[in-house]
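Scroll down for the structure; my scribbles are underneath it.
The values are calculated or read from the model by the stated rules, or taken from the named source; none is laboratory data. Small disclaimer: the values here were computed from a predicted structure and weren't measured. Positions of Cβ are generated from backbone atoms using ideal geometry, with glycine treated the same way; all protein chains shown enter the neighbour counts. Remember, those area values only see protein heavy atoms, side chains included, never the ligands or the DNA or RNA. Shrake-Rupley method; radii C 1.70, N 1.55, O 1.52, S 1.80 Å.
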Amino acid sequence: MNAFLTKVGKTLAWHARRVQRGARSVRWSLSRPPAQRPVIVVGCSRAGTTLVYKTLSESRELGTLQRETHDYWTTLHPPSDKHWDTHALDAGDASPTDRDTVSRYFYSGTGRHRWVDKNNQNGLCVPYLQALFPDAVFVFVKRSPGDNLNSLIEGWRKPDEFATWSNDLPAQVAVENGTLTQWCFFLADGWRDYLNAPVENVAAFQYKAINQAILDAKAYMPAGQWVEVFYEDFLRDPVATFRRVFEGCGLDFDARLQAHCADVLDIPYNAFSEIRLDKWKDGRNREKIERVLPQVADVAARMGY
């Protein structure tokens, strides 16, 4: 009986949320306001962007869907539209229709005109997102190459989690001597050159491509709309580092948020192992990472490493 009542409760709650979203959508259509200073978290996959997104979602000044939105954005602009060459979008891909569609979607889901969003591909789409919402604030999360590459390599071994979007990819993936057959994370220009590459080469390619794209976009960002943070600073002093992020986004950082951030590292937001610095150095991927570190040295230096 308890299981039945639980199921009924979940069903009723689902329908209630659906009705609420519908009501908000109608309300939005009456005046069609664009989103207001949305906060968009960008960075390489496995760089700590989920930690930042989930923590920003604790702000009572922001709406949040509490989930990644890559499926939504790729519905608007499927990779097939660009011949499966890349997930990247530029300012020319933005349109008033997109602006309305996205504004309505997030308002319907959150009840707020100001919201926070994050997904793997958005680091390749900063010019597009800035064209959609010229007042958007971008939070760029940077992670040291050794630890980020290590986590990317581990992620490639989890296709059920990071390759669910690539089932229709029109290419035969045979990474790591054919043992990894599903493309993970995102597509950047030139990805086909790595279909048969060692997994560490693919990870280095992805790390370089997305961080380079973000840094290039930064050059065109208005002052006051860019917050840049080292992932490692969260591990050293999470409260002070998050204070800087919140204040950079124009958000209050009150006692409740301070208390949350003091314990935030105890919350395992999709971490593969213990949270600590330089864990790649005593891990199983060390030799692989050492071999490709020179390939990412230039972009890592631009990031401040």
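What are the ³J(HN,Hα) couplings of the stretch 187-202, residue after residue, when phi is run through the Karplus curve with 6.51, -1.76, 1.60 and θ = phi - 60°? Round to Hz, x for glycine and proline.
For the stretch 187-202, the Karplus curve yields 9, 10, 3, x, 4, 5, 5, 10, 4, 10, 8, x, 4, 5, 5, 5 Hz.
Just to be sure I understand: with springs between alpha-carbon atoms less than 10 Å apart, which residue in PRO159, PRO38, PRO170 has the highest mean-square fluctuation in the Gaussian network model of the chain?
Most flexible of the set in this elastic network: PRO170.
Quick one: among ALA219, ALA204, ALA35, which has the greatest mean-square fluctuation in a GNM of the chain with alpha-carbon springs under 10 angstrom?
Maximum fluctuation in the GNM of the chain, among the listed residues, is at ALA219.
For a quick check: with amide H placed at 1.01 Å from N, whose amide H comes under 5 Å from PHE140's, ignoring anything fewer than 5 positions away on the same chain?
Amide H neighbours of PHE140: VAL42, VAL227, GLU228, VAL229.
Label 7 Å along Cα→Cβ of LEU215; the stretch 109-144 residues with amide nitrogen under 20 Å?
Hits in the stretch 109-144 for LEU215 at 20 Å: 121-128, 138-144.
Using a ≥ b ≥ c from the Cα gyration tensor of the stretch 182-285 (square roots of the eigenvalues), is it rounded, prolate or oblate, where a/c under 1.5 gives rounded and otherwise the larger of a/b and b/c decides, a/b for prolate?
Working: a/c = 2.87, a/b = 1.42, b/c = 2.03.
Since a/c reaches 1.5 but b/c is at least a/b, the shape of the stretch 182-285 is classed as oblate.
Which of GLY92, GLY48, GLY123 ends up with the largest GNM mean-square fluctuation for the chain, with Cα atoms connected below 10 Å?
GLY92
Quick one: putting +1 on the C-beta of Lys and Arg, -1 on the C-beta of Asp and Glu, what dipole do you get for the stretch 222-279 around its Cα centre, in Debye to the nearest 20? It would help to have the intermediate numbers written out before the result.
Working: 6 positive and 11 negative charges, 5 e Å.
Around 20 debye, computed over the stretch 222-279.
Between the helical axis of 238-248 and the dominant principal axis of the chain, each derived from Cα atoms, what acute angle in degrees is found, rounded to the nearest 10?
60
Near GLY283, within a Cβ-to-Cβ distance under 12 Å, what is the net charge of the other residues, with Lys and Arg +1 and Asp and Glu -1?
Numbers: positive: ARG276, LYS279, LYS281, ARG284, ARG286, LYS288; negative: ASP147, GLU154, GLU274, ASP278, ASP282, GLU287, GLU290.
Here the charged neighbours net out to -1.
Suppose every K and R has +1 on its Cβ and every D and E has -1 on its Cβ; what is the size of the dipole of the chain about the Cα centre, in Debye to the nearest 20? Display every interim value, and only then the final one.
Working: 38 positive and 37 negative charges, 219 e Å.
That gives the chain a dipole magnitude of about 1060 debye.
For the stretch 176-221, give the magnitude of the charge dipole about the Cα centre (Cβ charges: +1 Lys/Arg, -1 Asp/Glu; no others), in debye to the nearest 20. Walk me through the numbers before you get to the answer.
Details: 3 positive and 5 negative charges, 26 e Å.
Its charge dipole is roughly 120 debye.
I'd like the antiparallel share, as a percent to the nearest 5, of DSSP beta bridges with both residues in the chain.
On the way: 1 of 15 bridges.
Around 5 percent antiparallel, to the nearest 5.
I'd like to know which of PHE133, TRP84, SER95 lies farthest towards the positive end of the charge dipole of the stretch 84-140, counting +1 on Cβ of Lys and Arg and -1 on Cβ of Asp and Glu.
PHE133
Compute the whole-percent fraction of alpha carbon pairs in the stretch 107-258 spaced more than 19 Å apart. Write down the numbers at each step before the final one.
Numbers: 7093 of 11476 pairs.
It works out to 62 percent of all Cα pairs.
To test your reading of the geometry: what angle, between 0 and 90 degrees and rounded to tens, separates the Cα axis of helix 286-303 from the longest principal axis of the chain?
With rounding to tens, the tilt is 60 degrees.
Would you work out if the stretch 29-106 is rounded, prolate or oblate? Take a ≥ b ≥ c from the square roots of the eigenvalues of the alpha-carbon gyration tensor; rounded if a/c is under 1.5, else prolate when a/b is larger than b/c, oblate otherwise.
Numbers: a/c = 2.26, a/b = 1.10, b/c = 2.05.
Here the stretch 29-106 falls in the oblate category.
Roll a 1.4 Å probe over the protein chains and send me the accessible area per residue for the chain in Å².
Working: 14200 Å² over 305 residues.
Per residue, the chain has an accessible area of 47 Å².
Taking the Cα-to-Cβ direction at ASP298 and at GLN66 and moving 7 Å from each Cα, how far apart do the two end points lie in nm?
4.4
Could you list which residues have their amide H under 5 Å from that of GLY63, counting only those 5 or more apart in sequence or on another chain, with H placed in the peptide plane?
ARG114, TRP115, VAL116
Order the following by accessible area, largest value first: ILE210, ILE275. Probe radius 1.4 Å; ligands, DNA and RNA are ignored.
ILE275, ILE210
Taking a ≥ b ≥ c as the square roots of the eigenvalues of the Cα gyration tensor of the stretch 90-154, is the shape rounded (a/c under 1.5), prolate (a/b larger than b/c) or oblate? Could the numbers behind the result be given before it?
Details: a/c = 2.62, a/b = 1.85, b/c = 1.41.
Prolate is the answer for the stretch 90-154, as a/c is 1.5 or above and a/b outweighs b/c.
Give the carbon-plus-sulfur fraction of the accessible surface of the chain in %, rounded to a whole number; probe 1.4 Å, heavy atoms of protein chains only.
Working: 7130 of 14200 Å².
Reported share for carbon and sulfur atoms: 50 percent.
Let me cross-check SER31: its accessible surface, 1.4 Å probe, with only protein heavy atoms counted, in Å² to the nearest 10?
It works out to around 90 Å².
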